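Undergrad: Quick one: structure below, then a few questions.
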Amino acid sequence: MKIALTMMVRDEADIIVPMLEFHLAQGVDVLLVTDNGSVDGTAEILQGYADKGLIVLAHDPVQRKQQSSLVTAMARRARTEFAADWVINADADEFLFPIDRTKTIKQCFEAMSRTAVSFYAPVTNYVGVPAQRGSGIDRLVYRDHRTEDELKSVGINSQPTPNCLHRGDPSVSVVQGNHFTDLAVAGEVPEGFEMEVLHLPWRSWEQFERKVTNAGAAYDANPDLTPSPNHHGMMDYRRWQAGRLRHSFVTRLPLRDALENDHETYTKDTSLMTYLHALVPHAVFPDLLAAALDSSKDEALTDEDHAHSADLAHQFMDLEGEIRELRQQVKDAEALAESYRLERDYARQQADKAIMNVPTRDLVGYTSRTLARKVVRRALGEVRRRRG
C-alpha cells in the first residue's frame, strides 16, 4: 500500500513543518509539493526535506491561480511515476487525522475495500484566540460548529467543503480547491477507520494578511480571471485595500468567553497539539518542529482588544451590507431602464413599419387636411383677436 500526498504552497513557513512532519509520521509514502514562488522561507524549508529524499519538490513561481492544473498533474504523477494506491490532495493548513486517534492514515487506507474509488473526509475549522504571528497549533484548539448564518455575520461564507480522497489514477482531474475529482464516489469507509481533516485557516494576522494580499495580487496580475465581486477572497482584498482587514480577521475568531462556555458551538480538542508536541523528538527536523510549535512570541490579543476590534468589524460589515444593498438597487434600476429602452425602441420600429405600409396618396391627403385645419384655426384666431 502506497499513499501519496500532493500540495501546492506559497508562503506557509509558519505551518509547513508541522504539516510535513505530521503526514510523514502518519505513514504517507510520497509527498509531491509545488512551491508557488514563496518568499518567506517556505521554499528553503521544503528544500531541506527534498535533500533528504522525503518530498518531491517542484517550483512554479508564476501566480496565475493555476492550482487545479498543477494539482491534477501531481495527482496523475503520483500514480504513473510512484504507483500510489491512494492520493491525498491537501493544503498546507490541513491535517488528515483518523477519527480514532490511536490509528494512522496508513492503517485507515489499508482497511479500505478493493472496490473503493474515492470518498469524502469532512473538514472542520479549528479556532482560538487571535494573535499577531505563529502556527496557532497551541491556540487553535476548538472545533468550530457555527451555523451558516453565524459565520456570515462575521464575514465567512460557510463551513468548509469535505475533501475528496481518491485512488491513484493516471487520468484523474482535480477541481480547484482539492474538494472534488472526476472519479466516482464509491466504496464504504469501514467503521472505525473514518478520517477527517483538521483545518487551521486563521492562524495569525501575519498569515491571514499575506494570504489575502497574495490572492489579490494574483487576480490583479491575471485580468482574464473574473471572480465574483462577492467572492470571499476578493471581498477580503478590498477590505485590506481599505485598511479594514485586520478587524475582519479578528472577528472571525470567537471571543474567549464564547470558546470556553458555548460548548455546543465550540468543542475543545487538543489532539493535534498533543500529537505534534509528542512528535518533536522523533521528527525529521526536531528543531524546526519545536520552533513552529513555540507560541511564546505569538503576541495573542488581549480579551479587551479582541472585543473592541470585533465591535468595529461588525460596524464595518453592517456598512458593507448597506452598500451591497444599494448597489443591487442601482443594478435593478439600470436593468429596468434598459427594459424600458428596449420597449421604446420596439414601439418606434413598429410605428415606422406602420407608416411605411400606408399608401402615399393617403399620406398626402392626410397631410393636406392637417395643414388646412391649421390655416383655418389660425385665421379664426386672428379674427377673434381683432374683434376683442
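Undergrad: Taking the condition of being more than 26 Å from Val9 (Cβ to Cβ) and β-branched (Val, Ile, Thr), how many residues in the stretch 100-120 meet it?
TA: Counting residues in the stretch 100-120 that are more than 26 Å from Val9 (Cβ to Cβ) and β-branched (Val, Ile, Thr) gives 3.
Undergrad: Is it fair to say Asp29 is farther than 24 Å from Pro281 by Cβ and among the acidic types (Asp, Glu)?
TA: no
Undergrad: Looking only at the stretch 160-172, filter to residues that are over 11 Å from the mean Cα position of the chain (by Cα) and part of a loop (DSSP other than H, G, I, E, B); which one of those is nearest to Arg146 (Cα to Cα)? Steps first, answer last, please.
TA: Filtering the stretch 160-172 down to residues over 11 Å from the mean Cα position of the chain (by Cα) leaves 162-172.
Okay, now just the ones that are also part of a loop (DSSP other than H, G, I, E, B), so 162, 168-172.
On the way: Pro162: 16, Gly168: 35, Asp169: 36, Pro170: 39, Ser171: 38, Val172: 34 Å.
The qualifying residue nearest to Arg146 (Cα to Cα) is Pro162.
Undergrad: Tell me, please, whether a residue that is assigned to a strand (DSSP E or B), farther than 23 Å from Val17 by Cα and of a type outside the set (S, T, N, Q) can be found in the stretch 126-135.
TA: For the stretch 126-135, residues assigned to a strand (DSSP E or B), farther than 23 Å from Val17 by Cα and of a type outside the set (S, T, N, Q): absent.
Undergrad: Okay, next question. Quick one: count up the residues across the stretch 129-145 that are surrounded by 17 or more Cβ atoms within 10 Å (Cβ to Cβ) and over 16 Å from Asp294 (Cα atoms).
TA: The total comes to 2.
Undergrad: Taking the condition surrounded by fewer than 19 Cβ atoms within 10 Å (Cβ to Cβ), more than 19 Å from Glu206 (Cα to Cα) and touching a Lys or Arg at 6+ places or on another chain (Cβ under 6 Å), does Gly27 pass?
TA: On the way: surrounded by fewer than 19 Cβ atoms within 10 Å (Cβ to Cβ): yes; more than 19 Å from Glu206 (Cα to Cα): yes; touching a Lys or Arg at 6+ places or on another chain (Cβ under 6 Å): yes.
Yes.
Undergrad: Which pairs do you get when a residue that is aliphatic (A, V, I, L, M), found in the stretch 178-194, comes within reach of a residue that is in a loop (DSSP other than H, G, I, E, B) and surrounded by fewer than 17 Cβ atoms within 10 Å (Cβ to Cβ), reach meaning Cβ atoms under 8 angstrom, with the pair 6+ apart or on two chains?
TA: Listed by first residue and then by second, the contacts come to Leu183/Val117; Ala184/Val117; Val185/Val117; Ala186/Thr115; Ala186/Val117.
Undergrad: Go through the stretch 262-290 residue by residue and tally those that are assigned to a helix (DSSP H, G or I), closer than 20 Å to Leu54 by Cα and over 28 Å from the mean Cα position of the chain (by Cα).
TA: 8
Undergrad: Only one of these conditions is not met by Trp205: (1) farther than 12 Å from Val123 by Cβ; (2) at pLDDT below 95; (3) surrounded by fewer than 21 Cβ atoms within 10 Å (Cβ to Cβ). Which number is it?
TA: Unmet for Trp205, out of (1) farther than 12 Å from Val123 by Cβ; (2) at pLDDT below 95; (3) surrounded by fewer than 21 Cβ atoms within 10 Å (Cβ to Cβ): (2).
Undergrad: Next up: Mind counting the residues in the stretch 295-314 that are in a helix (DSSP H, G or I) and either exposed (fewer than 10 other Cβ atoms within 10 Å of the Cβ) or at positive phi (or both)?
TA: Of all residues in the stretch 295-314, those in a helix (DSSP H, G or I) come to 303-314.
With either exposed (fewer than 10 other Cβ atoms within 10 Å of the Cβ) or at positive phi (or both) added as a condition, the list becomes 304.
Looking only at that region, the number is 1.
Undergrad: Given the conditions (1) touching a Gly at 6+ places or on another chain (Cβ under 7 Å); (2) touching a residue at least 60 places away in the same chain (Cβ under 8 Å), and given that Ala13 satisfies all but one, which numbered condition is not satisfied?
TA: All conditions pass for Ala13, except number (2).
The values are calculated or read from the model by the stated rules, or taken from the named source; none is laboratory data. Not measured: the values here are computed from a predicted model. Using ideal geometry, Cβ is built from the backbone for each residue, glycine included, and neighbour counts are taken over all protein chains shown.
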